[in-house]
Amino acid sequence: MKFRGTVHKYGRDIDTDVIIPARYLNTSVPEELAKHCMEDLDAGFVSAVAPGDILVAEENFGCGSSREHAPISIKAAGVSVIIAKSFARIFYRNAINTGLPIMEAPEAVDGITNGDVVVVDADSGVITNETTGATYQAQPFPPFIKDIIEKGGLVASAREKVGA
């Protein structure tokens, strides 16, 4: 799996309440959630993000409530992958379960700035900043996580396995 996009970079402790504010949790429709993704942190995010773009953040991304709406809104907004120094554990699992690729790569986060164009090779774990030419190494996805992401999430993966 390869991803290429423009970076939207944020700081540390980005919680699920700013990823998708609670006032929009009356729906689970991805396209509706996407309209409000990051709105309390960056009102221009939804209009600036393009399909395939990459979100980069500091430590503890996705802390707070355990709502699946957060990774669903990010994925539906067009983000192809998130790179962070670390993720809240529940967000990490929710992201994988919803088919949103995420990678922990502290050195990459330090070397990438907002607006850079980045290529992520999830199979090898290599992250290349095309803007600067720098490369970074992250842990590649284990085969079972890669399978879940490629199938669009845990439910889709399980359905395929049981033939439903």
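Observations
- Among beta bridges that DSSP assigns inside the chain, antiparallel share in %, nearest 5: 50
- Only lysine pairs 8 or more places apart, or on different chains, with alpha-carbon atoms under 26 angstrom apart are counted in the chain, and they number 20.
- Square roots of five times the Cα gyration tensor eigenvalues for the stretch 24-95, Å: 18, 15, 11
- Here is the tail figure for the chain: Cα pairs spaced more than 26 Å apart come to 21 percent of all pairs.
- With a cut-off of 9 Å between beta carbons, the residues surrounding E130 carry a summed charge of 0, where Lys and Arg count +1 and Asp and Glu -1.
- Near E58: Cβ cut-off under 15 Å, other residues only, Lys/Arg at +1 and Asp/Glu at -1. The net charge is -4.
- Size descriptor, Kirkwood hydrodynamic radius, that averages inverse alpha-carbon separations across the stretch 82-134, Å: 11.8
- Label-to-label distance, nm, for residues given as D42 and T6 (7 Å Cα→Cβ offset): 1.1
- Whole-Hz couplings from phi, Karplus 6.51/-1.76/1.60, listed for the stretch 39-49; x for Gly and Pro: 4, 7, 9, 8, 4, x, 4, 4, 7, 8, 6
All of the numbers you see were taken from the coordinates with simple rules; none came from a lab. The structure presented is a predicted model; accordingly, all values stated were derived computationally and were not measured. Neighbour counts are summed over all protein chains in view; Cβ atoms, including those assigned to glycine, are modelled from backbone coordinates with ideal geometry.
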